[in-house]
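Okay, structure first, notes after.
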Amino acid sequence: MHTEFALTLSCPNRPGIVAAVATFLFENRCNILDAQQFDDLESGRFFMRVLFNPVDDTVTLDGLKERFVSAAEPFGMTWTMRDRAERRRVMILASKFDHCLADLLYRWRSGELPMDISAIVANHPVETYAHLDFRGIPFHHLPVTRETKLEQEAQLWDLIKTTGTDLVVLARYMQVLSDGLAAKLTGRCINIHHSFLPSFKGARPYHQAFSRGVKLIGATAHYVTSDLDEGPIIEQDVERITHSDGAEDLVRKGRDIERRVLARAVRYHLEDRVMLNGRKTVVFAA
């Protein structure tokens, strides 16, 4: 398998950005495999994702990163460059509802999601998930109450640090993260919201939707911020609803949407396809 690197960058838009990146890669003996870009006319920022590979074995990622600094500085770029073979460490947080957890485990084991699971953390005991296969995955039961929330989050943060976790996924984790923890996890914590935001927020969204006679229901995957359910949206999807669907039909269909929306959002993040753009995201599709 050949070595493949991913470069993502954003900066104020101005002429010459693409030329500078292409020239840098050419002069450093690299071949561009795929390039996507977006100019946000509203914010005046430019976003780019480039996949490339070195044409000889003397080219190293560390060397490229060191030399790219001089190319990035004139444009004020915020950028990352990484080896796509490097698997990110992902921690999955779950509560009683386990359909998203089960789906992520399946996609991980089947090779669809290229990641290493650093831990599964739940506020319910492991017996709750007796039907799931946790072999080879550390499991941590961190119960939480209103009175113990800060203590529990301190334990969670220590676990994130000690396991070298790169991404935290809230797989229907029915706890609201504190502002402090949300800030620490900016851009690396994905939540699945069981509704098509911004409609039907809060508890029992499918029942709210049923009572309103909706014809579409959906789910939203977004980055977690201190503003509850207001983080930058990564992915959304919907299902058609008819007058013959009851509330439980909406719940059943909703679970299917949640699974696929969360899985896509996680995959996009792992593949360096998502870039923050203020309260929004730029998602370079596959």
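The values are calculated or read from the model by the stated rules, or taken from the named source; none is laboratory data. Bear in mind the structure is a predicted one, so any value in this text is a computation, not a measurement. Heads up, the Cβs are rebuilt from the backbone with ideal geometry, glycines too, and the neighbour counts pull from every protein chain shown.
Tabulated data
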{"quantity": "Qualifying residue in region 234-247 (condition: buried (at least 22 other Cβ atoms within 10 Å of the Cβ) and touching a helix residue (DSSP H, G or I) at 6+ places or on another chain (Cβ under 7 Å))", "calculated": "yes"}
{"quantity": "When residues of region 60-94 are limited to those that are of a type in the set (A, V, I, L, M) and closer than 19 Å to THR8 by Cα, the one surrounded by the most Cβ atoms within 10 Å (Cβ to Cβ)", "calculated": "MET77"}
{"quantity": "Residues being in a loop (DSSP other than H, G, I, E, B) and closer than 28 Å to ARG255 by Cβ - total across region 156-180", "calculated": "10"}
{"quantity": "Residue within region 197-217 that is part of a strand (DSSP E or B) and surrounded by fewer than 19 Cβ atoms within 10 Å (Cβ to Cβ) present", "calculated": "yes"}
{"quantity": "Residue count, region 255-286 (criterion: at positive phi and in a strand (DSSP E or B))", "calculated": "0"}
{"quantity": "Meets criteria (outside any loop (DSSP other than H, G, I, E, B), in contact with a strand residue (DSSP E or B) (Cβ under 7 Å, 6 or more places away or on another chain) and surrounded by fewer than 16 Cβ atoms within 10 Å (Cβ to Cβ)) for ASP34", "calculated": "yes"}
{"quantity": "Filtered residues of region 78-127 (kept if over 30 Å from ARG45 (Cα atoms) and small (Gly, Ala, Ser))", "calculated": "ALA94, SER95, ALA102, SER110, GLY111, SER118, ALA119, ALA122"}
{"quantity": "Selection from region 1-31 of residues that are assigned to a strand (DSSP E or B) and over 11 Å from ALA72 (Cα atoms)", "calculated": "PHE5, ALA6, LEU7, THR8, PRO12, CYS30, ASN31"}
{"quantity": "Selected residue [in contact with an Asp or Glu (Cβ under 9 Å, 6 or more places away or on another chain) and of a type in the set (Lys, Arg)] from ARG204, ARG264, ARG240, ARG255", "calculated": "ARG264"}
{"quantity": "Output for region 131-154, where each listed residue is loosely packed, with under 15 Cβ neighbours inside 10 Å, out of contact with any helix residue (DSSP H, G or I) (no Cβ under 9 Å at 6 or more places or on another chain) and of a type in the set (S, T, N, Q)", "calculated": "THR148"}
{"quantity": "Condition check for ARG252: assigned by TED's automatic domain parsing to the domain that holds ALA102, part of a helix (DSSP H, G or I) and under 20 Å from the mean Cα position of the chain (by Cα)", "calculated": "no"}
{"quantity": "Count of residues meeting criterion [assigned to a loop (DSSP other than H, G, I, E, B) and either more than 17 Å from THR163 (Cβ to Cβ) or in contact with a Leu (Cβ under 6 Å, 6 or more places away or on another chain) (or both)] in region 108-141", "calculated": "13"}
{"quantity": "Residue under evaluation ARG172, criteria (1) at positive phi; (2) surrounded by fewer than 19 Cβ atoms within 10 Å (Cβ to Cβ), criterion not met", "calculated": "(2)"}
{"quantity": "Residue tally, condition more than 17 Å from the chain's Cα centre (by Cα) and either of a type in the set (S, T, N, Q) or exposed (fewer than 14 other Cβ atoms within 10 Å of the Cβ) (or both), over region 112-130", "calculated": "6"}
{"quantity": "Subset of region 181-196 that is in a strand (DSSP E or B) and either of a type outside the set (Val, Ile, Thr) or at pLDDT below 75 (or both) - its residue that is nearest to ALA154 (Cα to Cα)", "calculated": "CYS189"}
{"quantity": "Search result, residues across region 81-107 that are in a strand (DSSP E or B) and either more than 19 Å from ASP166 (Cα to Cα) or touching a helix residue (DSSP H, G or I) at 6+ places or on another chain (Cβ under 9 Å) (or both)", "calculated": "MET81, ARG82, ASP83, ARG88, VAL90, MET91, ILE92, LEU93, ALA94"}
